[in-house]
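Visitor: Below are the structure tokens for one structure; questions will follow.
Read-outs: derived from the displayed coordinates by stated rules, not from any lab. Note that the structure is a prediction, hence the values are computed from the model and not measured. As a convention, Cβ positions derive from the backbone with ideal geometry for all residues, glycine included, and neighbour counts pool all protein chains shown.
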Amino acid sequence: MRKVLLTWATLCALLLAAGARARAAEEITIKGRLAHTVEAGGWLVVTPKQKYLLLNAERWRNESWFRADAEVEATGDVRADAVTIYMEGTVFEARTLRPFGAGAQAAQTMEATAGAPSLTRVVVTGDALVQAQPDTAVVVVAVTTQGPSALEAQQQNARKSDAVVRAVKDAGGARAEVKTSGYNLQPQYAYREGQPPTIRGYEARNSVAVTLGDLTRVGAVIDAAANAGATNVDSLSFTLRQDKQARAQALADATREALDKAQAIAQALGGRVVRIVEVQETTQGRPVPLYRTEAATRGMVAQAAPPTPIEVGALDINSQVQLVAEISTGK
């Protein structure tokens, strides 16, 4: 006996040809999801109630929406006279087949974007540096005293500190802010080989911070503190309290630099910047104070001398911006 092997496509063609002459079936409409079947190259429309085996699925195989789980609506005839190899589902010959529901929306989206240029996201950063003149100075001076006892060191320090505070207030003017920034009282030890340390006296230290809005008075404050008995200038720093305008300028410059970078990348790729997705400031903290003096100066002697010269420099205000942009890379 000769064996005859029929492919699914050949079998479907024979069944369609035979059915065209012998049947007069009633047309129905079904809705369901596309699914693969055990038939070689076959497709099913699975509805909530039953499965329909498509005889002519090849007609729509090249459509963008034709895929497994796509929601479709089909109009056609049930082929009661047709027999397939596995008979998985009711044999159905579709006259029309189209997507519906979510499948239709996906198909419309794919059609709408088929000729659109592709979009690429780029992340760039912009940095800017703006220099501004400080508007505030902070001078920290200290009074250090020693005494054989803690009480004597403390009392001596209190007298000198009071004199220093009154002197810097007068030199700084009515708008100067004067406050204690630190106080320390501790024993001083004598060390001898083979013996435990012994207390030889006590040291008291009082630090006073003077904040000035008039920078022309900085030298006078330092001189007044020295003349009144201050033993140390711990630090002198310049800051910018009213930094809103300078920070805004730095932020704007950083943003423009980031945008220029995004546009340069887009031009290099033959496209353009379509939209800005996100902009974020990544600057950390406020402007760093400008220190002119940090070394301690001991043994400040009150004497007739020229006023202490103070030169106020410029503060560096940095700003950094991260920008996320979408650029088109196609025509």
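Visitor: Please sort by residue number the chymotrypsin sites (Phe, Trp or Tyr not before Pro) in segment 150-199 whose DSSP state is loop and whose Cβ has at most 13 other Cβ atoms within 10 Å.
Guide: Y191
Visitor: If R₀ is 56 angstrom, what is the calculated FRET efficiency for the pair F100 and Q280, using the beta carbon separation as r and rounding to 0.05?
Guide: The formula returns an efficiency of 0.85 here.
Visitor: For segment 163-198 and segment 218-273, what is the separation of their C-alpha centers, rounded to whole Å?
Guide: Going from one Cα centre to the other spans 33 Å.
Visitor: For E88 paired with S118, estimate the spin-label separation in nm (one decimal), with each label point 7 Å from Cα along the Cα-to-Cβ line.
Guide: Inter-label distance under the simple model: 3.6 nm.
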